[in-house]
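Notes follow the structure.
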Amino acid sequence: MPIIVRLDVMLAHRKMKSKDLAEKVGITEANLSLLKSGKVKGVRFETLEKICKELNCQPGDLLEFEP
């Protein structure tokens, strides 16, 4: 998969648990887990915006293109 999701790295940097982020963003832990593992076909900009706001980061901190 050419798009790598680095959400787990950012969570570790921010010392935040997935459970807490899911609650603050308003998505289920299961959906957040799928996003972290890269097993999703897409993510809503609204959700990405909320994640970035909570983690105080940019979308590029969470997503990486690897050819």
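Values in this text are rule-based calculations from the coordinates and carry no lab data. Please read all numbers here as calculations on a predicted model, not as lab measurements. Cβ: placed from backbone, ideal geometry, glycine included. Neighbour counts: every protein chain shown.
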Place the peptides 23-34, 55-66, 38-49 in order of packing, highest mean first, counting for every residue the other Cβ atoms within 10 Å and averaging per peptide.
23-34, 55-66, 38-49
quick shape note, the chain: Cα extents on principal axes in Å, largest first -> 32, 21, 19
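Using unit Cβ charges (K, R positive; D, E negative) and no other charged atoms, how large, in debye to the nearest 20, is the dipole of the chain about its Cα centre? Can you show the working numbers first?
Numbers: 12 positive and 10 negative charges, 31 e Å.
In debye, rounded to 20, the chain gives about 140.
Return a whole-number percent for the relative contact order of the chain, with Cα pairs under 8 Å and 6 or more residues apart as the contact set. Show your work: numbers first, answer last.
Details: 57 pairs, mean separation 36.3, N = 67.
In percent, rounded to a whole number, it is 54.
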